[in-house]
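Data first, discussion second: the structure below is written as structure tokens.
The values are calculated or read from the model by the stated rules, or taken from the named source; none is laboratory data. Small disclaimer: the values here were computed from a predicted structure and weren't measured. Cβ sites come from the backbone with ideal geometry, for glycine too, and all protein chains shown count toward neighbours. Accessible surface is based on the protein model in full, side chains and every heavy atom, while ligands, DNA and RNA are left aside. Shrake-Rupley method; radii C 1.70, N 1.55, O 1.52, S 1.80 Å.
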Amino acid sequence: MEKSTKKWWTAFLLCWFLGNVGAHRFYAGKTGTAILMLCTCGCCGVLTIIDFVKLLMQKFEDAEGKVIVRE
């Protein structure tokens, strides 16, 4: 498992406060799904909750497939 250079706390806080507009996905480099979340309010919150849980479990990946972990 390769670690991302992205900060876990930044992704976590972006997901918590701006998750419905996909801010954490923009931060992670996942522009396509971030735009989808922006247009659909986080797919009515479902994708936001999934991403939040993945961040808590340290399973959320950036655009390069590297896991964003808490350090």
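Odds and ends about this structure:
- Between V46 and V67, the FRET efficiency from the beta-carbon distance, with R0 = 25 Å, is close to 0.70.
- Heavy-atom accessible area order for E64, E2, largest first, 1.4 Å probe: E64, E2
- Using a probe of 1.4 Å on the protein chains alone, the accessible area found for V53 is around 70 Å².
- Cα gyration tensor shape for the stretch 27-71, rounded if a/c is under 1.5, else prolate or oblate: oblate
- Only lysine pairs 8 or more places apart, or on different chains, with alpha-carbon atoms under 14 angstrom apart are counted in the chain, and they number 9.
- Over the chain, Cα pairs under 8 Å with separation of 6+ residues give a relative contact order of 41 percent.
- Helix axis angle, 31-44 relative to the chain longest principal axis, alpha carbon, degrees: 50 degrees
- Surface share of carbon and sulfur [accessible, 1.4 angstrom probe, percent] for the chain: 66 percent
- Taking every protein chain into account, the accessible area of the chain amounts to 62 square angstrom per residue (probe 1.4 Å).
- Stokes-Einstein D in µm²/s, Kirkwood radius over Cα pairs - the stretch 1-59 at 4 °C with 1.567 mPa s viscosity: 116 µm²/s
- Under a model in which nothing but the beta-carbon of Lys, Arg (+1) and Asp, Glu (-1) is charged, the chain shows a dipole of about 80 debye around its Cα centre.
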